[in-house]
1. I need the P(r) histogram for the stretch 63-152: all alpha carbon pairs, bin width 10 Å from 0 out to the longest distance, whole percents.
2. Among the trypsin sites (Lys or Arg not before Pro) within the stretch 84-161, which fall in a DSSP loop and have no more than 15 other Cβ atoms within 10 Å of their own Cβ?
3. Take peptides 17-29, 186-198 and line them up by average Cβ neighbours within 10 Å, highest first, as a rough protection proxy.
4. What number comes out for the charge environment of ASN202, summing +1 per Lys or Arg and -1 per Asp or Glu over other residues with Cβ under 14 Å away?
5. Can you pull the percent of the stretch 32-138's accessible area that's carbon plus sulfur, 1.4 Å probe, other chains left in place?
6. Accessible area per residue of the stretch 53-137 at 1.4 Å probe, in Å²?
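The values are calculated or read from the model by the stated rules, or taken from the named source; none is laboratory data. Since we're looking at a predicted model, the values are computed, not measured. Please note: Cβ atoms are built from the backbone with ideal geometry, for glycine as well, and neighbour counts cover all protein chains shown. What goes into the accessible areas is simple: the full protein's heavy atoms, side chains included, and nothing from ligands, DNA or RNA. Shrake-Rupley method; radii C 1.70, N 1.55, O 1.52, S 1.80 Å.
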Amino acid sequence: MGMSEQPQAGPAGIPAATVVIFRNAPAGSPPEILMTIRSREMVFAGGMAVFPGGRVDPADFDLGARIGGPLDPEEAAHQVAVVRETLEETGLAIGLAGQIDADKARAAGRFLQQTGELAPVLAHFNWELDLAQLVPFARWCPPFREKRVFDTRFYMISHDDHDAKATVDETENYNLFWSSPQGVLDKAEEGKVMIIFPTKRNL
């Protein structure tokens, strides 16, 4: 099945969204991407190295329907989820506009962990969504029955602010690292990290 094809059979997937965050490396080296390592206690992909992201919450759908603009509300909701999950999991502010620096982004991440919703964070920090920063990249929904099937939309975004330090949220994830895509594949081949099939395909 192609990465952008929809399954012809099987259950409807749980809506989810994830993002490939990359930054340019010095001296002509390949770009680096941000990987998080999920806590082993997590039911889905426990202990795996994944891109930041997660399921689309009802509040994401509400905000996606309110913001208007050119995006379909459902697509907007998935992009909102990417912004929210990245801020919550890593402390990086992507897909946002306003007065943003590393300290504010970390504070916003902590605030988001308390509220669980992005809209109050935007109001508190006087930020706006800038979803045009996100580039739709792929979509993955396995056409077979599992206990949990996720219909996941993948996005890409450049994040070259090297002063913005990604930090692990220590709830769903216990570690993170930057690496070239080939570097992640090499680590997986060497048994240093574990990745699930969709992650490998997108890498």
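1. 16, 45, 28, 9, 1
2. Numbers: sites: ARG84, LYS104, ARG106, ARG110, ARG139, ARG145, LYS147, ARG148, ARG153; in loops: ARG145, LYS147, ARG148.
Sparse-neighbourhood loop trypsin sites (Lys or Arg not before Pro): ARG145, LYS147, ARG148.
3. Peptide ranking by packing, descending: 17-29, 186-198.
4. Values: positive: ARG139, ARG153, LYS200, ARG201; negative: none.
Result for the local shell: +4.
5. 50
6. Working: 3960 Å² over 85 residues.
So the stretch 53-137 comes to 47 Å² accessible per residue, rounded to a whole number.
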